[in-house]
Every structure is written in structure tokens, then in C-alpha cells.
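Chemist: Before I ask anything, let me first share the structure, which is written out below as C-alpha cells.
The values are calculated or read from the model by the stated rules, or taken from the named source; none is laboratory data. Everything numeric here is computed off the predicted structure, so don't read it as measured data. Quick reminder, even Gly has a Cβ in these numbers, built from the backbone with ideal geometry, and neighbours come from all protein chains shown. Areas reflect the complete protein model, heavy atoms only, side chains present, ligands, DNA and RNA absent. Shrake-Rupley method; radii C 1.70, N 1.55, O 1.52, S 1.80 Å.
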Amino acid sequence: ALTAANVRWKDRIYSPLVTLWVFLGQVLSEDHSCRWAVARLIAHRVSRDQRPCSADTGAYCQARKRLPEKFFSEVARRTGRALDSNVDSRWLWKGRRVLNFDGSSVSMPDTVKNQDAYPQPDTQKLGLGFPLARIAVVFSLSCGAVLDLAICRYAGKGQSELGMLRTLWDWFLPGDVVLTDRLMCTWTEIAMLMGRGVDSVTRLHVMRTADFRRGKRLGKRDHIVQWPKPTKPRSIDRKTYNSLPDFITVREIYVKVEQAGFRTKNLIVVTTLLDADDFTKSDLAELYRSRWSAELDLRSLKRTMKMEILRCKTPELVRKEIWTHLLAYNLIRTIIAQ
């Protein structure tokens, strides 16, 4: 990761790996302060009969600034993908990798730089809110690792989970299955994923209706239909729009998602997995129920690991803090997988 980011450094106490180690300890601690992180390094050095460093946090903060954001993101991604690529084949869904995509938001200190990069929602009066960033995460369903992340403003043109999905899908491989919520149930995204050889499993969007009297019937409330190409959305250019097919073929299934202790949900699942013998209604119902694991994983990141409210005072350091949280999460997932 250091080589990929072209990092050069001097032989000093806060080398890149020591800085990363201290930063990891900081995001995993209850305190989360730089002072606590430096105190932990001092204790570590004394325990190894090394000369204690200064308790001042300035050198540590400067070391974090010197390291490029690409280094932190590269380490987090490589750790998650190393775990995902080595999972037991029995953990896969019908031999295929399933990627869970979901989004959330995080807040940060109210500084001028943070407000410029990630302004608070315009529904809040100035001085009464905090800068807010939207995040979207790709999780591996088999092992729970974070494979990639996108960060953007909370509101504004192009600042949406759909927009962030488009920045991430270069990492999806042919044969993958993407599991999303109903907000991702859009013709354009499904068609573009199909063009990459990636299947989708999602929930029917509220703006669409399913008429099971139409299409090719596969079973009770289970049919294959064609969705015609809509007018060009603003999110893609004319060349990309013209390259898309005139229609896509999808499967709509009415399922009941049942779980002990929870209210039964009746919903319609939309998928590009058309073979009813290989992918039964119960298979797809169980797979869509597992989409909830993305919500639980995000909750683990934000609440258990305390990423919900960040501490850094500049946008670049905020992003580094997010990536370090993801690295810590992936390291914990790696230990769990063993």
C-alpha cells in the first residue's frame, strides 16, 4: 500500500506503520482522543525498553497529515479483499459471491473546512447543525468484510446512493450478485450491471407495480417480464444511454420474509436471476432477508465502533478516519473468520 501510494518517509518515531498502528488504536478506543493514542504509544515503547517519545500530540497529528489518503484507503480495501478472496467456498451463495450494498451518513466537527466540503442539511439553520457526509459501503455477504466505500456530500445534485453505486461498480466481477434495497431498483442501474455480467436482487420500487397476470408465468406470483427502456435520465450521458438495450428481462416474485420474533413482511423481489430451477422462490426470499446484514454491519461500524460522530477537523483527515475505522473493522472480521 505504501508503494502504491508512492510514500517516502524519514526514519523517525512516527513512521507510516507506527502512525497507522496508533491511529488504529485511537479509533478502537473508548476515548478516541489524540492524547490517549500518544499515551498508548509511550506505554508501548517503555514496555519494550525504548526511549519514551513526547506526550505532545503535534508530531502524531503531523504524521497523519503527511500520509496520503490513498494509503489508508488502499490498506482498508486490500485487507477486506484478502479476506473475501479466501473465504471457504461453502460460505458462498450457490457458488456465487454476493455483495451487499447500502448507505448511511456520518457527522463531524463543525469547522469551516468541514462545512465547505460536507455542508449541513439546508433544513437546519446555520450554527445549529453539524457537517454531514453520506457514505455507501460494499460488504461481502459471505464474510462481512468491507470491500469498498464511497463518500460524498449529504445533499445536492449527484449526491445520492445511486450516484455512489456508479463510482463503485467497477469492482464488481462477472458472476457476482448485488443485493440492494428498493432505492436501487432502477432500470438504468440494473441494465448497466447486467452489461457487466453482474446480477441484481432487489425489492420492487414503490413507483413500480407488479402485474402477475402478464409475462411468462413460472409459478404462483412468480413471473418473467420485460421492462422497456425509459427516457434518458440526467445521471448518464447520451452515448451511454444509446448503448443500453431497448428493454431488460427481469423476474418478479411475491415472497413472505419470516423470522422468529419479527413481523412477517410481504414484498416483491426483483431479480435478473431468471432460472426458477436453480433459484427458487424460497432461495431468493432467504437471500433478500440476508440483506438485513448490511444494516447490522453498518450499525456495528457506526455505533459499536463509534464512527457515527467523527473527530477530525479537516475533510481529508475525516476521510482518513473513516478508512481507518473500516480497516479496524476488516481486521476484526479477519480474526472472526479464523
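Chemist: If Phe130 meets every condition in (1) aromatic (Phe, Trp, Tyr); (2) open to solvent by 40 Å² or more (accessible area, probe 1.4 Å); (3) out of contact with any Asp or Glu (no Cβ under 7 Å at 6 or more places or on another chain); (4) closer than 28 Å to Ala155 by Cβ apart from one, which number is that one?
Modeler: Here Phe130 meets the rest and fails (3).
Chemist: Just to be sure before I move on: is Pro245 touching a helix residue (DSSP H, G or I) at 6+ places or on another chain (Cβ under 6 Å) and either open to solvent by 90 Å² or more (accessible area, probe 1.4 Å) or assigned to a loop (DSSP other than H, G, I, E, B) (or both) in the structure I sent?
Modeler: No, not satisfied.
So that you can scan it fast, the table gives a plain yes or no per residue for (1) over 25 Å from Cys312 (Cβ atoms); (2) among the polar types (S, T, N, Q); (3) in contact with a Pro (Cβ under 7 Å, 6 or more places away or on another chain):
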position	(1), (2), (3)
Ser142	yes, yes, no
Leu168	no, no, no
Phe172	yes, no, no
Cys185	yes, no, no
Met192	yes, no, no
Lys216	yes, no, no
Trp227	yes, no, no
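Chemist: Residues in region 223-238 that are within 20 Å of Leu165 (Cβ to Cβ) and free of Cβ contacts under 8 Å to residues at least 24 places away in the same chain: how many?
Modeler: Qualifying residue count, region 223-238: 3.
Chemist: Looking for whichever is over 28 Å from Phe172 (Cα atoms), of a type in the set (A, V, I, L, M, F, W, C) and assigned to a loop (DSSP other than H, G, I, E, B) here; the options are Trp21, Trp9. Which one fits?
Modeler: Exactly one residue qualifies, and that residue is Trp9.
Chemist: I've got another one for you. I'd like the full set of residues that are among the hydroxyl-bearing types (Ser, Thr, Tyr) and touching a Lys or Arg at 6+ places or on another chain (Cβ under 8 Å), limited to region 271-286.
Modeler: Thr271, Thr272 - these are the residues of region 271-286 that are among the hydroxyl-bearing types (Ser, Thr, Tyr) and touching a Lys or Arg at 6+ places or on another chain (Cβ under 8 Å).
Here is a yes/no grid of residues against (1) surrounded by 14 or more Cβ atoms within 10 Å (Cβ to Cβ); (2) at pLDDT 95 or above; (3) under 21 Å from Thr304 (Cβ atoms); (4) of a type in the set (D, E, K, R):
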| position | (1), (2), (3), (4) |
| --- | --- |
| Ala4 | no, no, no, no |
| Val7 | yes, no, no, no |
| Asp11 | no, no, no, yes |
| Leu17 | no, no, no, no |
| Ser29 | no, no, yes, no |
| His32 | yes, no, yes, no |
| Ala43 | no, yes, no, no |
| Arg51 | no, no, no, yes |
| Ala55 | no, no, no, no |
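Chemist: Give the number of residues within region 253-282 that are of a type outside the set (Ser, Thr, Tyr), surrounded by 18 or more Cβ atoms within 10 Å (Cβ to Cβ), out of contact with any Gly (no Cβ under 8 Å at 6 or more places or on another chain) and modelled with pLDDT of 90 or more.
Modeler: Matching residues across region 253-282 total 6.
Chemist: Might you let me know whether region 294-317 holds any residue that is over 22 Å from Leu193 (Cα atoms), at pLDDT 95 or above, charged (D, E, K, R) and in contact with an Asp or Glu (Cβ under 8 Å, 6 or more places away or on another chain)?
Modeler: Checked region 294-317: at least one residue is over 22 Å from Leu193 (Cα atoms), at pLDDT 95 or above, charged (D, E, K, R) and in contact with an Asp or Glu (Cβ under 8 Å, 6 or more places away or on another chain).
Chemist: Given the condition in a helix (DSSP H, G or I), at pLDDT below 90 and in contact with a strand residue (DSSP E or B) (Cβ under 9 Å, 6 or more places away or on another chain), answer yes or no: does some residue in region 189-210 qualify?
Modeler: No, the conditions are met nowhere in region 189-210.
Chemist: If you take the residues of region 296-318 that are open to solvent by 60 Å² or more (accessible area, probe 1.4 Å) and under 15 Å from the mean Cα position of the chain (by Cα), which of them is nearest to Gly58 (Cα to Cα)?
Modeler: Glu308
Chemist: Still on this structure, please answer the following. Which condition from (1) surrounded by fewer than 16 Cβ atoms within 10 Å (Cβ to Cβ); (2) in contact (Cβ under 8 Å) with a residue 24 or more places away in the chain; (3) among the aliphatic types (A, V, I, L, M); (4) part of a loop (DSSP other than H, G, I, E, B) is the one that Ala59 breaks?
Modeler: Of everything listed in (1) surrounded by fewer than 16 Cβ atoms within 10 Å (Cβ to Cβ); (2) in contact (Cβ under 8 Å) with a residue 24 or more places away in the chain; (3) among the aliphatic types (A, V, I, L, M); (4) part of a loop (DSSP other than H, G, I, E, B), Ala59 misses just condition (4).
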